[in-house]
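The values are calculated or read from the model by the stated rules, or taken from the named source; none is laboratory data. Predicted, not measured: the structure shown is a model, and the values here were computed from it. Using ideal geometry, Cβ is built from the backbone for each residue, glycine included, and neighbour counts are taken over all protein chains shown.
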Amino acid sequence: MPLRDVEYVLQKLNSMRAEKIWPNGLRYLWTDAFGVILMKLPSPFRLAKLRRWESFVIWSERRLA
């Protein structure tokens, strides 16, 4: 993270603290749910890796047949 962004992040954290959202106050449940969904989706890197593996398996099956 560039140093120029640190001040912005600190301001956001302070505003969240003032609104009693963070660290131990109210939470935005939709952001939590969105985070869980993003954690469960495969990353583009993993998808590319799976596609490479799949094409290798198909290529191997054709070679052996």
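Miscellaneous remarks
- Leading residue by the ranking (surrounded by the most Cβ atoms within 10 Å (Cβ to Cβ)) among those in region 1-31 that are part of a helix (DSSP H, G or I) and modelled with pLDDT under 75: THR31
- Evaluation of SER60 against (1) part of a loop (DSSP other than H, G, I, E, B); (2) modelled with pLDDT of 75 or more; (3) of a type in the set (Gly, Ala, Ser) (one fails), failing number: (1)
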